[in-house]
Amino acid sequence: MFKKLFIPGPTQVGPEILQTLARPQIGHRGKEFESLYASVNSRLKEFLRTRSSIYLITASATGAMEGAVRNLVKKRCLNVTCGAFSERWNEITVANGLPADALSVEWGQPNLPDSVDKALASGKYDTVTVVHNETSTGVMNPLSEISRAVKKHPGVLLAVDTVTSMAVVDIPIDELGLDVVLAGTQKGFGLPAGLTVCCVSERALERARTIEHRGYYFDFLDIEEYHRKNQTPATPPIPFLYALDKRLELILAMGRDRWFGRHLAMAERTRRWADEHFARFAPKGYESVSLTAVKNTRGVSIEALDKELGKRGMTLSNGYGKLKEKTFRIGHMGDLAMEDLETLLGSIEEILGLK
């Protein structure tokens with residue numbers, strides 16, 4: 001039995017998108033593909049409201065994270081961490097032999113601009129990485145404030161993981177001066193996993209031109225050369241591009257405000273529910289809009305709860321890593337609607353006897 005996904009990702013994919021994925025293949029070096037690529041890029045620029053180049057990378061977002069540090073870090077990288085996925089960016093930087101330091105806070109707390117500003121005042125860094133929405137803890141970092149702190153230090157580039165915030169909340173990429181912004185399609189876009197949207201500024205490309213060893217697969221200069229021809233360096237997942245084009249068509253027809261508003265409405269409903277029956281894990285004002293991390297104040301077995309939900313055709317996520325059984329996470333993005341969420345919350349109440 002297929003389960004409805006209330007997890008941080010992959011997210012629910014609706015029938016219209018699934019049908020689009022079944023379109024016949026086309027050659028990726030022909031005019032038909034170039035027209036498809038151009039359509040997707042045009043709609044992405046309209047949706048994301050950015051003048052940056054937007055690459056369609058055949059990889060999970062982790063690959064684009066590696067590409068970002070390979071193309072941007074020349075002196076030293078400051079990896080701002082607050083959970084498992086921001087810590088991953090630090091691990092990636094170190095694994096690539098690049099000089100790096102982690103600026104860490106306790107899991108469940110947000111990264112704050114003052115600490116970023118203080119670290120950058122040392123003059124040691126030319127690149128900062130930050131996760132906008134930390135999926136492991138349900139914390140959404142204050143990206144606007146952090147970007148302003150980074151702007152105070154000329155020559156420092158800012159790369160942002162928006163894996164679970166792109167297509168969920170409005171991110172003013174150009175206004176904030178973000179240099180690399182990346183997201184996998186299996187979260188807010190409500191598509192299958194395997195394609196990453198990656199926005200790259202001209203400042204980032206200028207930095208890349210000064211770096212000798214940028215790697216091969218994620219070399220931004222190589223990708224940019226093909227991008228200008230509405231092409232990709234390597235074979236892309238063509239069905240995913242059809243699906244992304246369709247998704248963007250549907251979003252733009254609905255309207256950006258309405259699309260973002262439905263995500264916020266589900267987030268607010270889940271927070272109220274968490275307050276009534278458990279507690280929020282993220283501090284007030286820093287809660288994710290993509291998913292809600294709920295503190296397991298009742299000491300129930302999250303594993304057993306999810307097993308019972310599975311019998312009803314639904315699944316949520318246990319706490320991540322060291323937060324397993326201490327928290328659980330309810331995703332509310334992609335093709336989920338409020339009525340789906342109400343069914344889940346009502347089922348949890350029935351299973352745990354909370355009514």
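Where a number appears in this text, it was derived from the coordinates with a stated rule and is not lab data. None of the values given here were measured: they were computed from a predicted structure. Positions of Cβ are generated from backbone atoms using ideal geometry, with glycine treated the same way; all protein chains shown enter the neighbour counts.
Okay, residues lined up against (1) without any contact (Cβ under 8 Å) to a residue 40 or more places away in the chain; (2) out of contact with any strand residue (DSSP E or B) (no Cβ under 7 Å at 6 or more places or on another chain):
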{"residue": "D117", "(1), (2)": "yes, yes"}
{"residue": "V128", "(1), (2)": "no, no"}
{"residue": "F189", "(1), (2)": "no, yes"}
{"residue": "A204", "(1), (2)": "no, no"}
Odd one out for G321, checked against (1) loosely packed, with under 14 Cβ neighbours inside 10 Å; (2) closer than 25 Å to E16 by Cβ; (3) in contact (Cβ under 8 Å) with a residue 60 or more places away in the chain
(2)
Which condition number in (1) over 18 Å from V73 (Cα atoms); (2) surrounded by fewer than 23 Cβ atoms within 10 Å (Cβ to Cβ); (3) hydrophobic (A, V, I, L, M, F, W, C) is the one that V156 fails?
(1)
If you take the residues in region 187-206 that are crowded, with 21+ Cβ neighbours inside 10 Å, over 15 Å from the mean Cα position of the chain (by Cα) and not hydroxyl-bearing (S, T, Y), which one is nearest to K31 (Cα to Cα)?
V200
Within region 289-301, restricting to residues that are touching a Lys or Arg at 6+ places or on another chain (Cβ under 9 Å) and either surrounded by 20 or more Cβ atoms within 10 Å (Cβ to Cβ) or touching a residue at least 40 places away in the same chain (Cβ under 8 Å) (or both), the one that is farthest from A337 (Cα to Cα) is N296
Scan the helices (runs of 4 or more DSSP H) fully inside region 207-283 and keep the ones with 3 or more residues being hydroxyl-bearing (S, T, Y) and touching a residue at least 12 places away in the same chain (Cβ under 8 Å).
none
On the basis of being within 18 Å of the chain's Cα centre (by Cα), closer than 28 Å to N318 by Cβ and aromatic (F, W, Y), does F2 make the cut?
no
Right, I171: surrounded by fewer than 22 Cβ atoms within 10 Å (Cβ to Cβ) and part of a loop (DSSP other than H, G, I, E, B) or not?
no
Restrict the check to region 127-142 and report whether at least one residue is outside any loop (DSSP other than H, G, I, E, B), among the hydrophobic types (A, V, I, L, M, F, W, C) and more than 21 Å from the chain's Cα centre (by Cα).
no
